[in-house]
Amino acid sequence: MLMGGGRISYYLSRFIVPLGIHVTLFELDQQKARQLSEMLPKVDVIWGDGTNQDLLEEQGLSQMDAFVALSNRDEENLMTGMYASRCGVPKVIVKNSHTTYSEILSDLGLDSVISPQFITGSTILRYVRARANRNGTSIERLYRLLDGKAEAMEFIARREDPYIGIPLKDLTIRRGTLVAVIVRKGKVIVPFGNDHIEAGDSVIIIACESGISDLNEVIRK
């Protein structure tokens, strides 16, 4: 169930409906609701106030697997998300444009929070670092964690990288960083000392510092 018929809801619906996920979407504006209904024929678009508790229950909120509050009003996203959580919805995701609310959301148990500004900033950082490191192992994805105090970065290992095939225990790992996950041909590996990196592996690094732009800055022979 999605609350708010903005661009995020539209593209999210287009992404998940082909996966076999049934989507109910609330939009307060009648004209926009009609347009969404035409553009998303397989989505149940409801013209109504997604903050109305009676309407939410009427549309089966308590039976939903997930509730995502994506309106342009952070306060309504927060309150409706809290209500959905109280109704027993297993996964509640709230869009929040004000970073000052992050601690409040955490205290209230709403730990699944998305911030468009934060995501945009991370995307720009990834692009800038990739441009600055054209000859190295560039960042595929970058996420800032803990209010920017840490970063999670995804790299794709190259065949010519010097650490390929060597057990992690025999390599030098940069201080303050962790090789958190290796994804090899769709298989997720939580690495230990005897595990190694192969060419084409997706390597997820967690770092307690900013500025890393190359996997070779993290892992050395």
Margin query: What figure, in Å² to the nearest 10, do you get for the accessible area of Thr172 with a 1.4 Å probe and non-protein molecules left out?
Written below: 70
Notebook entry, point to check: What net charge is computed for the residues neighbouring Ser37, neighbours being all others with C-beta under 13 Å from the C-beta of Ser37, Lys and Arg scored +1, Asp and Glu -1?
Noted result: -1
Next item on the list: Could you please put Leu145, Leu178, Leu61 in sequence from largest to smallest accessible area, using a 1.4 Å probe?
Entry: Leu178, Leu145, Leu61
Next item on the list: Please identify which residues in the stretch 40-67 have an amide N closer than 13 Å to a label point set 7 Å out from the Cα of Met79, following the Cα→Cβ vector.
Entry: 50-54
Notebook entry, point to check: Which distance in nm do the two modelled labels at Arg174 and Trp47 give, with both placed 7 Å along the Cα-to-Cβ direction?
Noted result: 5.4
Next item on the list: State the percentage of accessible surface on the stretch 23-62 attributable to carbon and sulfur atoms; use a 1.4 Å probe and exclude ligands, DNA and RNA.
Entry: 41
Next item on the list: Report the full-extension gain for the segment Ile166 to Glu209: residue separation times 0.36 nm, less the Cα-Cα distance, to one decimal in nm.
Entry: 13.0 nm
Margin query: Not counting ligands, DNA or RNA, and with a 1.4 Å probe, what is Arg14's accessible surface area in Å² rounded to the nearest 10?
Written below: 130
Next item on the list: Specify whether the C-alpha gyration tensor of the stretch 9-101 places it in the rounded, prolate or oblate class, a ≥ b ≥ c being the square roots of the eigenvalues: rounded for a/c under 1.5, otherwise prolate if a/b is larger than b/c and oblate if not.
Entry: rounded
Item checked: Solvent-accessible heavy-atom area per residue, rounded to whole Å², over the stretch 140-215 at 1.4 Å -> 57
Item checked: With all protein chains modelled, accessible area of Arg73 [1.4 Å, Å²] -> 100
Margin query: For the pair Lys187/Ala66, report the inter-label distance in nm, with labels modelled 7 Å from Cα in the Cβ direction.
Written below: 2.7
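The values are calculated or read from the model by the stated rules, or taken from the named source; none is laboratory data. Model, not experiment: these values are computed from the prediction. Neighbour counts are summed over all protein chains in view; Cβ atoms, including those assigned to glycine, are modelled from backbone coordinates with ideal geometry. We work out accessible area using only protein heavy atoms, side chains counted, and drop any ligands, DNA or RNA first. Shrake-Rupley method; radii C 1.70, N 1.55, O 1.52, S 1.80 Å.
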